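One structure below.
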Amino acid sequence: MCQAALFHTIEIPIEEFNGQLSYGKIRATGEEEWYTGPPRNNWVWVKMARQRQRFHEPAHETLQGHLPYQLFRVFKLQIPSHVLYLAFVLVTKPFHGGLPNTISSMVKVVPVSGENAYSVLAAGHICGAAHLITEVPSASKETNSGWIVNSHIDLTIWNTIYYVMEKELNEALTGGGKRLRQCK
């Protein structure tokens, strides 16, 4: 017999600047309202395997093997002799090979299209809360084509995800001597 349970919140450990751990809540309501407001589906960092996935390019080293995914559902699946904690997510991939924008130093991600736009993964691969900035404001009539990953939100995120040696970053941005066009 198989049993399932649905969760709307998970807690993620966050290291504070003084070195102590606290826990942040990440919401995943799917299409359901969050109290009396709109649905709330937060962004999370997912630790990726280093090998090529079938639906997107491998994460650029700037993201240190992580990608931001939008969390829609968290559920527990209990089957005989196993308990699985799973997450249903919107999948993203790095834009322009994951190279940071030369002005903002931030990476852009875009949604994966087609049958691989959503995925179910082990909830244990979620390693933190991500902060993404919508490229097109929601008040606009235009459709959003991607998100800017806010690497400046706190020191922990910067050090974990975005720390790149200055020489390596300059080489990546200049293409080994040839200047690359700025990402837009």
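The values are calculated or read from the model by the stated rules, or taken from the named source; none is laboratory data. Every value quoted in this text rests on a predicted model; they were computed, and no experiment measured them. Cβ: placed from backbone, ideal geometry, glycine included. Neighbour counts: every protein chain shown. SASA here: full protein model, heavy atoms, side chains in, ligands and nucleic acids out. Shrake-Rupley method; radii C 1.70, N 1.55, O 1.52, S 1.80 Å.
Numbers for the structure displayed
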{"item": "Residue check for Leu6: farther than 20 Å from Ile133 by Cα, open to solvent by 30 Å² or more (accessible area, probe 1.4 Å), at pLDDT 90 or above and in contact with a Leu (Cβ under 7 Å, 6 or more places away or on another chain)", "result": "no"}
{"item": "Total residues in region 16-43, condition open to solvent by 100 Å² or more (accessible area, probe 1.4 Å), assigned to a strand (DSSP E or B) and within 26 Å of Val91 (Cα to Cα)", "result": "2"}
{"item": "Matching residues in region 25-50 - criterion: being more than 17 Å from the chain's Cα centre (by Cα) and more than 16 Å from Val74 (Cα to Cα)", "result": "Tyr35, Thr36, Gly37, Pro38"}
{"item": "Test: residue in region 135-142 that is modelled with pLDDT of 90 or more and open to solvent by less than 50 Å² (accessible area, probe 1.4 Å)", "result": "no"}
{"item": "Hits in region 91-133 - residues which are among the hydroxyl-bearing types (Ser, Thr, Tyr) and modelled with pLDDT of 85 or more", "result": "Thr92, Ser113, Tyr118, Ser119"}
{"item": "Strands (runs of 3 or more DSSP E) enclosed by region 63-125 - at least 1 residues per element that are in contact with a Phe, Trp or Tyr (Cβ under 8 Å, 6 or more places away or on another chain), of a type in the set (A, V, I, L, M) and crowded, with 18+ Cβ neighbours inside 10 Å", "result": "66-79, 82-90, 108-111"}
